[in-house]
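S.K.: Sharing a structure, written as structure tokens. Questions coming.
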Amino acid sequence: TGYITYDPGFGNTGSCASAITFMDGERGILRYRGIPIEDLAENATFIETAYLLINGHLPTLNELNRTRVLLNDFSLIHESMQVFFQNFPRASHPMGILSGMIMALRSFYPDMGEEDINIHFLYLLSKVRTMAAMSYRMSRGEKVVYPRHDLSYCANFLNMMFDSPVHPYIVDEDLVRALNVFLILHADHEQNCSTSAVRVVGSSKAPLYASIAAGVSALWGPLHGGANQAVIEMLEKILKEGATIDEVIRRAKDRKDPFRLMGFGHRVYKTYDPRAKIIKKMCDKILEKLKIEDPLLDIAKKLEEVALTDPYFVDHNLYPNVDFYSGIVLRAMRIPTNMFPVMFAIGRLPGWIAQWKESMEDPSQRISRPRQIYTGLPQNPFQDIMER
Ligand code: CMC
């Protein structure tokens with residue numbers, strides 16, 4: 001059967017060739033299509049970044065305008081789909097609702113052709129944002145707010161989340177910019193768990209929508225996209241129970257205790273996550289501008305300070321990752337904690353699409369089918385039921 005390499009969690013296995021995202025984990029470098037993440041966070045919008053990832057170049061003014069028009073055209077959700085999901089049990093996690101909705105999406109639009117796959121990409125980008133806001137409104141038993149043609153992608157999302165007849169939503173440009181940056185930072189990260197899930201499902205030639213729904217499911221877990229929710233829950237618990245910073249750090253180091261410092265550590269980065277640097281700065285800026293005092297930010301900063309000088313964290317190369325401060329920014333936007341992984345999913349969507357497209361266009365890609373090291377009995381004779 002040949003020689004099989006044992007590589008748990010695929011830490012050393014290159015599963016594909018990709019021209020989308022470059023990461024250098026030792027030096028803390030992240031580039032989309034060669035452009036440094038810092039430059040995109042400073043200058044681009046999320047939609048420009050999504051275009052860049054999917055199409056390989058930044059859009060011209062004409063390309064961007066056409067994209068904007070189509071995103072607006074596709075932003076509504078089929079009324080029967082709304083009725084269908086309105087009856088989803090209230091306590092459901094929004095990630096479960098979102099994954100289910102993406103799976104169901106294609107069925108509600110049976111007449112859509114397959115000719116232009118790019119249209120499906122825009123469909124997903126536009127509708128996932130509407131569905132995310134819808135799932136939040138539904139979970140609160142509130143009326144769905146329709147998308148508005150006069151608002152940008154991010155402003156539209158915030159308006160669909162928070163507008164009400166009693167308190168009309170007033171668009172705050174600082175928050176809109178912060179949301180753009182949050183989404184840009186999450187837009188792609190080469191072969192992470194959810195992107196690999198999208199590629200693996202797509203490799204069997206399952207439909208695009210099924211592959212993307214698989215990405216949402218993989219992202220849900222607290223070791224991946226659910227980490228931003230887990231960080232805030234951890235900080236809230238520390239605040240509520242009055243645990244000292246040293247106690248928390250001691251627990252995180254105790255190998256017998258399953259507790260980990262959420263928002264710390266990364267498979268690839270062995271230095272400070274470049275996304276965490278950007279989001280930490282933005283966190284300070286936005287809280288100062290909105291005059292918000294969040295006690296969770298103080299706890300997070302103290303935890304970071306102690307961890308960065310602790311020999312265990314230093315020896316293990318454990319630094320804050322993107323999720324450590326992102327939740328505090330989302331809280332400033334009034335996004336509820338259980339929606340945080342959904343925010344990550346909206347951000348990661350262009351990466352999933354770009355990687356799916358690349359895999360479909362790559363003639364060397366085969367069905368994903370890892371091997372194993374068999375550890376069971378070599379042979380086991382069948383026993384009659386009366387003799388077991
Ligand atoms: N707190 C305490 N110890 C840790 C942590 C942590 N957050 N992360 C890793 N370690 C230790 C781990 O116990 C192990 O120690 P030892 O070698 O002594 O047994 C060592 O570091 C290596 O850990 P690992 O689990 O083998 O590393 P991995 O590359 O498989 O996992 C990770 C990476 C991100 C899942 C992990 O660091 C972790 O669980 N972090 C907390 C969850 C988190 O913040 N996830 C978000 C990741 S960034 C967003 C994204 O793109 O998904």
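A short reminder: the numbers here are calculations on the coordinates, not readings from a lab. Note that the structure is a prediction, hence the values are computed from the model and not measured. Positions of Cβ are backbone-derived with ideal geometry, glycine not excepted, and every protein chain shown enters the neighbour counts.
S.K.: Taking square-rooted eigenvalues a ≥ b ≥ c of the alpha carbon gyration tensor, is segment 83-178 rounded, prolate or oblate, where a/c under 1.5 means rounded and, failing that, a/b exceeding b/c means prolate?
M.R.: Because a/c hits 1.5 or more and a/b fails to exceed b/c, segment 83-178 counts as oblate.
S.K.: For segment 227-332, with the dipole built from +1 on Lys and Arg beta-carbon atoms and -1 on Asp and Glu ones, taken about the Cα centre, which of N321, P311, I245 lies farthest toward the positive end?
M.R.: N321
S.K.: Which value, in debye to the nearest 20, gives the size of the charge dipole of the chain about its Cα centre, when Lys and Arg are +1 and Asp and Glu are -1 at the Cβ?
M.R.: Roughly 460 debye for the chain.
S.K.: Return the long-range amide H neighbours of I29 (sequence gap of 5 or more, or a different chain), with a cut-off of under 5 Å between placed amide H atoms.
M.R.: Here D24 satisfy the definition.
S.K.: Restrict the search to segment 44-123; then list the GluC sites (Glu not before Pro) that DSSP places in a loop and that have at most 14 other Cβ atoms within 10 Å of their Cβ.
M.R.: Qualifying residues, ordered by number: E114, E115.
S.K.: Filter the GluC sites (Glu not before Pro) in segment 293-348 to those in DSSP coil with at most 15 other Cβ atoms within 10 Å of their Cβ, and list the result.
M.R.: In loop regions of segment 293-348 (DSSP not H, G, I, E or B), the sparsely surrounded GluC sites (Glu not before Pro) are E293.
S.K.: Using Cβ contacts closer than 10 Å as the measure, can you line up S203, S368, S164 from fewest to most?
M.R.: Taking fewest neighbouring Cβ atoms as first place, the list is S164, S368, S203.
S.K.: If amide H atoms are built 1.01 Å from N in the plane of the peptide, which residues on other chains or at least 5 residues away come under 5 Å of the amide H of Y319?
M.R.: G265, H266
S.K.: Straight distance only, please: which aspartates and glutamates reach the Cα of K143 with their own Cα at less than 18 Å, same-chain residues fewer than 8 apart left out?
M.R.: Filter leaves E79, D163.
S.K.: Do any trypsin sites (Lys or Arg not before Pro) in segment 1-68 lie in a loop, going by DSSP, with at most 15 other beta-carbon atoms within 10 Å of their beta carbon, and if so which?
M.R.: R27
S.K.: Okay, moving on. Assuming a ≥ b ≥ c are the square roots of the Cα gyration tensor eigenvalues, decide whether segment 168-292 counts as rounded (a/c under 1.5), prolate (otherwise, with a/b larger than b/c) or oblate.
M.R.: Note, shape of segment 168-292 comes out oblate.
S.K.: With θ taken as phi - 60° and the coefficients 6.51, -1.76 and 1.60, list the Karplus ³J(HN,Hα) couplings across segment 178-184 in order, rounded to whole Hz; mark glycine and proline as x.
M.R.: Taking θ as phi minus 60°, the curve returns 4, 5, 4, 5, 3, 5, 4 Hz for segment 178-184.
S.K.: Hey, what do the phi angles of segment 325-336 turn into as Karplus ³J(HN,Hα) couplings, whole Hz, using 6.51/-1.76/1.60 and θ = phi - 60°, x for Gly and Pro?
M.R.: 10, 5, x, 5, 5, 5, 4, 5, 7, 6, 6, x
S.K.: Only Cα pairs within less than 10 Å get springs; with that Gaussian network setup on the chain, which residue of R177, R90, R371 has the largest fluctuation?
M.R.: Ranking R177, R90, R371 by mean-square fluctuation puts R371 first.
S.K.: Test of understanding: ordering L235, L318, L61, L219 by Cβ neighbours within 10 Å, fewest first, what list do you get?
M.R.: L61, L318, L235, L219
S.K.: While we're looking at this one, here's another question. Can you run phi through the Karplus equation (6.51, -1.76, 1.60; θ = phi - 60°) for segment 110-119 and list ³J(HN,Hα) in whole Hz, with x for Gly and Pro?
M.R.: 3J(HN,Hα) across segment 110-119, in whole Hz: x, 8, 5, x, 9, 4, 10, 5, 4, 5.
S.K.: Treating cross-link reach as a plain straight distance, find the aspartates and glutamates whose alpha-carbon is under 17 Å from the alpha-carbon of K253, omitting any fewer than eight places away in the same chain.
M.R.: Cα-Cα hits under 17 Å: E304, E305, D310, D315.
S.K.: Per residue, how much space in cubic angstrom lies within the convex hull of the C-alpha atoms of segment 326-388?
M.R.: Measuring per residue, one finds 249 Å³ for the Cα hull of segment 326-388.
S.K.: Could you pull out the pairs from K127/K277; K127/K205; K237/K301; K127/K357 whose alpha carbons sit more than 21 Å apart here?
M.R.: K127/K277; K127/K205
S.K.: Can you tell which of Q355, Q82, Q372 shows the greatest fluctuation in a Gaussian network model of the chain with Cα springs below 10 Å?
M.R.: Fluctuation is largest for Q372.
S.K.: Based on alpha-carbon centroids, what's the gap between segment 228-259 and segment 75-129 in Å, whole number please?
M.R.: Computed from Cα coordinates, the inter-centre distance equals 37 Å.
S.K.: Now, a different point. Would you work out if segment 227-332 is rounded, prolate or oblate? Take a ≥ b ≥ c from the square roots of the eigenvalues of the alpha-carbon gyration tensor; rounded if a/c is under 1.5, else prolate when a/b is larger than b/c, oblate otherwise.
M.R.: oblate
S.K.: Is it possible to state the helix-based mean residue ellipticity at 222 nm for the chain, with each DSSP H run of 4+ residues giving -39500 (n - 2.57), the sum divided by total residues, to the nearest 500 deg cm²/dmol? What is it?
M.R.: Result for the chain: -17500 deg cm²/dmol, rounded to the nearest 500.
S.K.: Taking the Kirkwood radius as the inverse of the mean 1/r across Cα pairs, report the Rg/Rh of the chain.
M.R.: That ratio equals 0.99.
S.K.: Using a Gaussian network model on the chain with a 10 Å cutoff between Cα atoms, which of P378, P147, P350 fluctuates the most?
M.R.: The residue that fluctuates most here is P378.
S.K.: Of V144, V181, how do they rank once you tally other Cβ atoms within 10 Å and put the fewest first?
M.R.: V144, V181
S.K.: Here is a further query. Counting only residues 5 or more places away or on other chains, whose amide H sits under 5 Å from the amide H of G221 once H atoms are built in the peptide plane?
M.R.: G226
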